[in-house]
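Remarks on the structure that follows.
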Amino acid sequence: MNAQQERQRSDVWDVARAAAVLLDAEAARVDRGPITAEWAGLDLDTAYRVQDEILCRKVESGQHIVGVKLGLTSRAKQQRMGVDSPSTAWLTDRMVLPVGAPLVIEQLIHPRVEPEIVFVLGERLAGPGITAARAMEAVSHVYGGLEIIDSRYTDFKFTLPDVVADNASSALFVIGGVARKPDEMDLALEACLLAVDGEVVDSATGAAVQGHPGEALALAANALAKRQLALEPGWVVLTGGMTDAVFVEPGSHVSADFSNLGSVTLRCQ
């Protein structure tokens, strides 16, 4: 292929190019406009192929799958971000931020933080046809957590296919130290206060996540089944932001105080 052909090829969008563009943006910590503005062919099915291609490249680089996350599970969040349905995405071991470790802001683009109810699975959960009740039977333990999201798109402006291709704005996550069995509490009523620098900025209950976090878990299992995939034992599932996500900056201190799942804190530097 000569130089002119290479230049022409670089102007053609496909799954491989979209994956490379998003991975490059993540590595360089620079944002960009939505891919759909340049590639009309990026529909939802294609976006999940991009997401899977990004995962394959990360696994090839030595990362390991540790679970899945759901994005945009609350109606308020969908309306604010201009999308109309939840999404699923992948978690790898490089996304785990140990409890007590600082969030280094300069390693990301424009991070936001949101509190989550987190499940750890005790058994395989494979759709289709999974109900919330059946999904909860597969849960071994429940935790409180914080997810750090970091869109590769400027100002977090995107369509649903854009954010799906971008692995639902994934970056990092922290899981708290308090574990509960799922039958020890009413997860729809599990409350959380989100505070930044000691000031409460938002609050919600588990009902903000699809009415019950178990509904989000069922949604994930059924969505993965359409791609001939399943949720595996030991996997972590981030069920979706309970509140809106808050921007953080160096020096910020974020805490999520749950009714039964303890407190999860994050120090930014």
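The values are calculated or read from the model by the stated rules, or taken from the named source; none is laboratory data. As the structure is a computational prediction, the values presented were derived from the model and not from experiment. Cβ coordinates were reconstructed from backbone atoms using ideal geometry, including for glycine residues, and neighbour counts include every protein chain displayed.
Which of the residues belonging to region 115-154 are part of a loop (DSSP other than H, G, I, E, B) and of a type in the set (Ser, Thr, Tyr)?
THR131, SER151
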**Request:** Determine whether region 223-235 contains at least one residue that is over 16 Å from ILE175 (Cα atoms), in contact with a helix residue (DSSP H, G or I) (Cβ under 7 Å, 6 or more places away or on another chain), at pLDDT below 95 and surrounded by fewer than 22 Cβ atoms within 10 Å (Cβ to Cβ).
**Result:** yes
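Checking the condition under 15 Å from the mean Cα position of the chain (by Cα) and small (Gly, Ala, Ser), which residue from GLY206, GLY240, GLY177 passes?
Going through GLY206, GLY240, GLY177 in turn, the sole match is GLY240.
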**Prompt:** With respect to the numbered conditions (1) buried (at least 24 other Cβ atoms within 10 Å of the Cβ); (2) part of a loop (DSSP other than H, G, I, E, B), which one is the sole condition not fulfilled by PRO250?
**Reply:** (1)
**Message:** So VAL164 passes all but one of these: (1) under 15 Å from MET136 (Cβ atoms); (2) in a helix (DSSP H, G or I). Which condition number does it fail?
**Reply:** (1)
**Prompt:** at pLDDT below 95, surrounded by 12 or more Cβ atoms within 10 Å (Cβ to Cβ) and not in a strand (DSSP E or B) - does that describe any residue in region 86-95?
**Reply:** yes
**Prompt:** Hey, among the residues in region 57-81 that are assigned to a strand (DSSP E or B) and either modelled with pLDDT under 95 or not small (Gly, Ala, Ser) (or both), which one's farthest from TRP235 (Cα to Cα)?
**Reply:** GLY71
**Request:** Restricting attention to region 237-247, report how many residues are among the small types (Gly, Ala, Ser), part of a loop (DSSP other than H, G, I, E, B) and touching a helix residue (DSSP H, G or I) at 6+ places or on another chain (Cβ under 6 Å).
**Result:** 0
**Message:** I'd like the full set of residues that are outside any helix (DSSP H, G or I) and charged (D, E, K, R), limited to region 181-219.
**Reply:** LYS181, ASP186, GLU190, ASP197, GLU199, ASP202
**Prompt:** Filtering region 107-138 down to residues that are more than 16 Å from LEU91 (Cβ to Cβ) and in contact with a Pro (Cβ under 8 Å, 6 or more places away or on another chain), which residue is surrounded by the most Cβ atoms within 10 Å (Cβ to Cβ)?
**Reply:** MET136
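Take THR265 and tell me if it is closer than 21 Å to TYR143 by Cβ, assigned to a strand (DSSP E or B), among the polar types (S, T, N, Q) and under 16 Å from the mean Cα position of the chain (by Cα).
Numbers: closer than 21 Å to TYR143 by Cβ: yes; assigned to a strand (DSSP E or B): yes; among the polar types (S, T, N, Q): yes; under 16 Å from the mean Cα position of the chain (by Cα): no.
Taking the combined requirement at face value, the residue does not satisfy it.
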